[in-house]
Structures are given as C-alpha cells and as structure tokens.
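One structure is given below, encoded as structure tokens.
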Amino acid sequence: MKHLSLRKLRLSDQSRFTKWWRDTELIKLTSGVLEPISDKMVAKYFTTMLKDERDLNFMITVDGKTVGHVALMHRPRGWYET
C-alpha cells in the first residue's frame with residue numbers, strides 16, 4: 001500500500017515550482033496562464049506562498065517522493081477552497 005502525506009512548503013521546493021510553472025501542459029490544466037514566467041516572478045510568487053498566513057500550501061508526497069502541491073485558499077466567512 002502506498003503512503004500519501006502532506007507537508008508544509010520549504011524554501012527548497014522553489015525549484016519544483018519553477019519547473020511546474022514552466023510546464024505548458026501542466027499550466028493548461030491548472031491556471032491556463034500560458035505566458036512565460038521569469039525567475040524573478042517565480043521567486044516573488046513562491047516567497048508570497050511561503051509567507052502567507054491565511055492560505056495553506058502543502059506538498060503532496062507518495063512514499064516519500066514529492067508528486068504535487070495542494071493549496072487551501074482562505075475565502076470570506078471562514079471557509080477554504082482548493
């Protein structure tokens with residue numbers, strides 16, 4: 001049986017986000033924003049995610065291998081959205 005877990009983001013995860021945010025097939029399935037993203041913008045967005053105290057960002061791991069990211073975005077009236 002595989003072991004799935006979530007862990008908080010780490011600074012070392014930024015390289016994964018750089019790769020993911022530049023993968024056109026992945027972006028088509030998620031945000032749909034197909035414009036290239038600079039290293040400076042990756043660093044800005046990632047730093048914002050790390051410092052965010054309202055939204056919850058986690059890395060998804062399966063058997064210790066990082067396979068994805070999930071965010072619970074804080075919305076009005078105390079509820080969250082993935």
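Condition check for E35 on (1) at pLDDT 90 or above; (2) loosely packed, with under 14 Cβ neighbours inside 10 Å: one failure, at (1). Scanning segment 30-48 for residues that are within 25 Å of G64 (Cα to Cα) and out of contact with any helix residue (DSSP H, G or I) (no Cβ under 8 Å at 6 or more places or on another chain) yields T30, T47. Selection of segment 34-50 for residues being farther than 11 Å from Q14 by Cα and part of a helix (DSSP H, G or I) yields K40, M41, T48.
Residues in segment 1-19 that are in a helix (DSSP H, G or I), of a type outside the set (K, R) and out of contact with any helix residue (DSSP H, G or I) (no Cβ under 6 Å at 6 or more places or on another chain) were compared, and the one that is nearest to T48 (Cα to Cα) is L11. Looking at this structure, is S12 out of contact with any His (no Cβ under 6 Å at 6 or more places or on another chain), polar (S, T, N, Q) and loosely packed, with under 11 Cβ neighbours inside 10 Å? For S12, the condition - out of contact with any His (no Cβ under 6 Å at 6 or more places or on another chain), polar (S, T, N, Q) and loosely packed, with under 11 Cβ neighbours inside 10 Å - is met. On inspection, T47 fails the criterion of being within 12 Å of the chain's Cα centre (by Cα), of a type in the set (S, T, Y) and surrounded by 14 or more Cβ atoms within 10 Å (Cβ to Cβ).
The values are calculated or read from the model by the stated rules, or taken from the named source; none is laboratory data. Keep in mind that this is a model prediction, so the values were computed, not measured. Every residue, glycine as well, gets a Cβ built from its backbone with ideal geometry; the counts of neighbours run over all protein chains shown.
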